Structure formats: structure tokens, C-alpha cells
Amino acid sequence: MNEPLKLAVVGHTNVGKTSLLRTLTRDVDFGEVSHRPSTTRHVEGARLSVDGQPLLELYDTPGLEDAIALLDYLERLEQPGERLDGPARLARFLASSEARQRFEQEAKVLRQLLASDAGLYLIDAREPVLAKYRDELAVLAGCGKPLLPVLNFSSAGQPQEDAWRSALARLGLHALVAFDTVAPPLDGERRLYESLALLLEKSRPQLQRLIASHEAQAQARRHSGRQLIAELLIDCAACRQRVSSQPGIEHAAIQALREAVCQREQRCVDALLRLYAFRPDDAEAGTLPLLDGRWGDDLFNPETLKQLGISVGSGVAAGAATGAGIDLLVGGLSLGAATVLGALAGGGLQTARNYGGRLLGKLKGQRELSVDDAVLRLLAVRQLHLLDALSQRGHAAQDKLQLATPHDPAWRRGKLPAALRKARAHPEWSSLNPGAHLEQAERQAQVGQLAASLAEPEKP
């Protein structure tokens, strides 16, 4: 079995070395991230494995603080007539008292890079190319290890990025990668590992396994995320509550339903955050507008008509019940109550058991509340937007996610997906209703179909 590839993450203070490891390991608690310089004072390590096999070890190192003075000191260590190469000169430095005193932090960095297969030199792409950074690279080059520069904070196209690329090329560092630790590009890890593979050809198989594992995990997370969103939408579409039409009671019931839906959405948000290994307070669901229910559209949609027809078997009874449903579907609630009750009676005992109470409740002044189509659309837009944001968020991000509701024509126009229209006729599919049966095979099938419909279209 091959030994894991060892990488030292090195660079100036406060350029995001710990942030890079948080993002690569998807661990928001790795190390300490702060805007204060010199936060990391010791070498810390993390290991990435695939199927139990360790493939990569990453070492977070302290920031280089005084490379200019260190380079001067290294040059003074050589005796007249000596021509020490870089590793030999550094070995003499590390054995000196200065490595334990004045340059203690720099010595920790150099020891780790010497013990590693390669180094990632992290750069704050917002900073100008200063002399101290050139001296840092000169000191690090003395280790004789491959060095891959990583341009951090580059997501917005920082004005110093071109200057850094030019300066690195002058130093012979032509292979580099832009990787924003707070908002990494979707293909950021692939490009990082592929760039490393150019420098470390023997480690290419390990790096390719990491790439394949990362992309498989990303696909699995998105699939699971769409499943969570589909569960939320089915839950809310199937939610149905019968209340008195008296203004005070009805208003209280609407408020209670609004709160229940908001809590259900927050549970989905929490589950998505856990799925992507973020903290519970990194995002919060905002207040949703909730419209009162529509008794007629809920009861007499195509799925309900199908249920009525099946429940009464065939013949005149089936026609009577189904006819009432079609009339109500086409004409709204214009059909008289007597006709509805007559159709219900003709539909048979099973139809009466399923829907008689609802119809009689309507005549007694009761209403049924459900989640409006507009709210379902908004729930879908918000959660899909959150899913996209989480897939592009680095684990070093400190700010709470701020999600504005985007314009999504696919959800704002046209019919709702068939699975949601079907769920309208199945109150037992909603965890928001008493007596829910969430493990029904048909419900699970509809959740799966809805989740598949939430997937992005294939890119050419």
C-alpha cells in the first residue's frame, strides 16, 4: 500500500492557510480562523482517506513572519568558499540557536516542508507583490520540494492576480491554481489536485482517486439534498386542516399553519446544513407568506377524481361521483350543495367515508386550509437556492448565508410538478397532519420522482 501524500500548507501570516484546510476537509472546526495575524502557532495535520485508505495528509503551518531577516541570516551562515545547496543550508539553520529563538515560527514551517512531499504556497491575491513575499519564496525554495502557489480570495478577480502570476513566472513557478477558500469554484478541488499531479507524477493515481471520490460525494450530497427538498414539498402540499369559518378561529388556524410550515422549512434547512457539514446557525429560514386554503381545488383535483372513480367501482355510481368532481374542477364551486351531496350518495359508502365529512363540514360552515401553490413555489425556489449556495460555500466562511429569493421561471410559471398535485389528495402523506403514514410506497415513489425533477438539466 502506498504511503499517503504529505502536503505542507505554507505562506505568510493571515493568508488563509487554515481556511484552505477547513474547506478541503469540510471541517468548520479545524484549527482557528481569525482576521488576527499569527493565529496558527503550531503545525496541525488532517488526513483525507477513500474507502479507509489514507491518500493525503495536509499540514497547517504557522505564518512566515520575517522572511527578509531570515534570508539575510541564511546567507551569513555560509563559510567563505562554501557552496551549500538549499537543503544543506537549511539543515545548518535548523541546528542553530536562532531556529529555536528568533526564527522559531519559520523553523516550524521549514521542518514540515522538508518532511513533506510538496508544499502549497498560499497567497492572498488581494495583496500587492511585495519584497517579503519574494524572500519567502526564496527561503521555501531552499527546501528542494515542489511548490504549488494557490491564489486565495480570487473569486471576484482581484486586481493583483495578474501581477502575482507574472511575479511567480519570473521565479520559475508557472504551475499555479486559483482557489478561493470562502467561495471555492465547483471544479476547484479537481483543478487543485490535477495541478499537484503535474508536479508529483508518482502520486497521480492517489490524486485521481481523491478527485473521483470528491465528485462522487458531491453528486451524492446534491441527490440527498434534492430528496430533502422533495420531502418538504410533499409534506406541505399534502397538509390539510379543517377549521371553523368563524373569523377568530379561522385566523388563529391560519397563523398556526403558517408557523408549522415555517418550522418544517427550518427543519429542511437544518438537514441541508448537516448534509454539507455546516453549523446549524449558518442559515435561517425567513418568514414565509402563507395564503389560506382552497377547499374546492384541493378536494376536486385530477388525482381526487381518480380516487373517487376507483373507490366506487363502475357504473352509475362511479359516473355520479366522478361527474360531480369534473363539474367542480371546471366550474369552481358553482355546483350546488344538493348536487354535490347527491353525487356523494351515488358514489357509495367508500366515497362517503373518504370525502363525506369534508363536504358536510363545508355545509356546516367549516373550511379546510392547505398550503397555497404560491407558497409551494416559494419553498422550492428558496431551498433549491440554498442547496446551490451550500455546494459553493467554503467551510472557512464566517458570515451567515444571506439568500435573496431569486427569479426562477421554472417554478413561477406553469403547473406544479405532478407529484405535488397528487399529494394534494393524500393528507396521510404529510407529517403536518395527524395520523400521517410517511412510509407508504406510493408516497416514497412520488418523493423520488419529485427529487429527480428538481435536478438541474444536463449541460451539453
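The values are calculated or read from the model by the stated rules, or taken from the named source; none is laboratory data. Keep in mind that this is a model prediction, so the values were computed, not measured. Counting neighbours? That spans all protein chains shown, and the Cβs are built from the backbone with ideal geometry, glycine included.
Worth pointing out:
- Out of 381, 371, one residue alone is at pLDDT below 90 and surrounded by fewer than 21 Cβ atoms within 10 Å (Cβ to Cβ). It is 381.
- Whether a residue is touching a Lys or Arg at 6+ places or on another chain (Cβ under 9 Å) and either of a type outside the set (A, V, I, L, M, F, W, C) or closer than 22 Å to residue 22 by Cα (or both) was assessed, and residue 154 passes this test.
- Conditions (1) out of contact with any strand residue (DSSP E or B) (no Cβ under 6 Å at 6 or more places or on another chain); (2) at pLDDT 90 or above; number of the one not met by residue 160: (2)
- Residues within the stretch 138-153 that are assigned to a loop (DSSP other than H, G, I, E, B) and closer than 12 Å to residue 175 by Cβ, tallied: 1
- In the set 92, 191, 134, only one residue is assigned by TED's automatic domain parsing to the domain that holds residue 66, part of a helix (DSSP H, G or I), touching a strand residue (DSSP E or B) at 6+ places or on another chain (Cβ under 6 Å) and surrounded by fewer than 19 Cβ atoms within 10 Å (Cβ to Cβ); that residue is 191.
- Apart from one condition, residue 141 fits all of (1) more than 18 Å from residue 9 (Cα to Cα); (2) out of contact with any Cys (no Cβ under 8 Å at 6 or more places or on another chain); (3) surrounded by fewer than 18 Cβ atoms within 10 Å (Cβ to Cβ); the exception is (1).
- Filtered residues of the stretch 241-258 (kept if among the β-branched types (Val, Ile, Thr), over 33 Å from the mean Cα position of the chain (by Cα) and under 21 Å from residue 424 (Cα atoms)): 243
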